Amino acid sequence: MVSMNNENVPRVIKAKNIGVAFENRDEDDLKSKAFRLFSKPKSDKEKQEEKTWALEDITFDGYEGEILGIIGSNGAGKTTISKVITGILREDRGSIEVDGNVTALFSYGMGFNPELTGKENVYLNGMMLGIEKDKINEYIDEIHEFSELEGFLYQPMKYYSSGMKARLGFSVASHLQPEILILDEALNTGDARFGKKAAQKLKELVKNAKMVIIVTHSLNFARRNCDRLIWFEKGKVKEDGDPKEIIDKYRASIPPARTRPQKSLNLNKTETNVKNRAVIKAENVGVKFRLNKEDFWAMKNLSFEINEGEVVGIIGHNGAGKSTLCKLLTHIYLPDEGNLEVNGDTSSLLGYGTGFNPQLTGRDNIYLNAMLLGISKKKISEKFDEIVEFSGIEKAIDRPVKSYSSGMKSRLGFSIAAVLKPDIFIIDEALSTGDVEFKQKASERIQEMMERAKAVIIVSHSMGFVEKICTRAIWMEKGLIVRDGDAEQVVQEYREATGTTNKNNVKLNRRRKTKSNNRSNTENQQASK
């Protein structure tokens, strides 16, 4: 591990008193520009009041050979500092020195062309990073093998799930010998097995590269893999130091649940009144794509029912068909075979920020998204303040969404859909970039929604989240259902099959089994007497 006090370790990044501000108005509005052109010039004080400082007085060093983690709540400034390091944003105050070429992977799939194949995007992204084509040729087979995309590498990326994009993006960025690699929420949609593989790759990478920076909401991933953590809060450095100490302080700062204790994420599992009335019914459903002049079946012979009152988690590796199923249920795709019945209006959140117009403000996007869901403008106005308050991004609501972090988009998207109370709520990896506090709020809101909604369907790679929030889980692989049943049982089987079993869960299950055996032995002894 790199010591911050070791003066012999070369500094790769020197950031001093960094400040970055955003204008509190939409610069793309031509009418506003014309109005300002003929208006009285504003004083320096008025100009300062029109700005929101996303970063203030940020000072830190990055050292050669370290894996540096950056944590904090949504909107804390994590993505902004990443963009400053890469040169995408210029600091308004202070100075930064970066000794090396920076390769950045911002969330999943950014920079990919959906119409091109995965392989074509490897070359496109590599050359955008300044890598020679001959060098990409040298690594293309390793990238293909590491990503585990198999035949999908030769298919257009518009058919990829978010997790598949994450796999390919990481594989490209980590194999083309970067000097400084920044991963900003880039692994959040990957499954646990790939996450372990990626963590090992990072440790190998930092032996040859100058340093790796990981921006993440996964505190467990940060604790296991980072040499040092910087905690950002409200655009400032709150703490900087040992990962375990920083994470303990960060967790202690999260306020306790404000809702009813029996529905707290940290206590009891979701309890709902499941009715014997089917909300969704699928009979031998199949979806195919025409790829390279051949039919590829993304899912086949899918049969299941979801009853009113259920919270169903959809789990499985990247490319298992989970996102395809969500698009089927929301009528984005139609089945190529079989029958599908959906009894109720669906409201879907397919990944964070899906459907947002980056040029419009958060305020405008609330109205735009809600009306796309068929909600009247009057109802949106009635619920507007509640949506903004729940999202927790009040100060940024009149800024263009293009300046939002992935976590802020996640908060806003979930808040719109949840506050407007749909019949059937589908969440596809939309909470993967949420911070711990917001996941707590979102979990409680999902549980509250079950009093009104017909069903909630959640696609997630977070097994703990599925265990706690879902009443049932469907495990998919290669377009087929492997297991369908009680969430805790299905998740346990999935963990055992994928080698990602949590040690604490194993101990807990052993204790449960021992207690059960002891109880059975006692009953047998009493019966014999």
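Every number here is computed from the coordinates shown, using simple stated rules; none is lab data. Nothing here was measured: the structure is a model prediction, and the numbers come from that model. Please note: Cβ atoms are built from the backbone with ideal geometry, for glycine as well, and neighbour counts cover all protein chains shown.
So, in Å, what gap is there between the alpha-carbon centers of segment 147-221 and segment 279-320? The distance from the Cα centre of segment 147-221 to that of segment 279-320 comes to 26 Å.
Full extension of the chain segment joining ASN301 with LYS51 gains 84.5 nm, where the gain is 0.36 nm per residue of separation less the Cα-Cα distance. Model label sites at ASP248 and GLU389, defined 7 Å from Cα along the beta-carbon direction, differ in position by 3.7 nm.
Put a dot 7 Å past the Cα of LEU291, heading toward its Cβ, do the same for ASP336, and the two dots end up 1.1 nm apart. Computed from label points 7 Å out along Cα-Cβ, the spacing between ASP61 and GLU115 is 5.0 nm.
As a proxy for reagent exposure, ranking LEU420, LEU116 by other Cβ atoms within 10 Å from fewest up yields LEU116, LEU420. Taking 0.36 nm per residue of separation and subtracting the current Cα-Cα distance, fully stretching the chain between LYS275 and ASP92 would add 60.1 nm.
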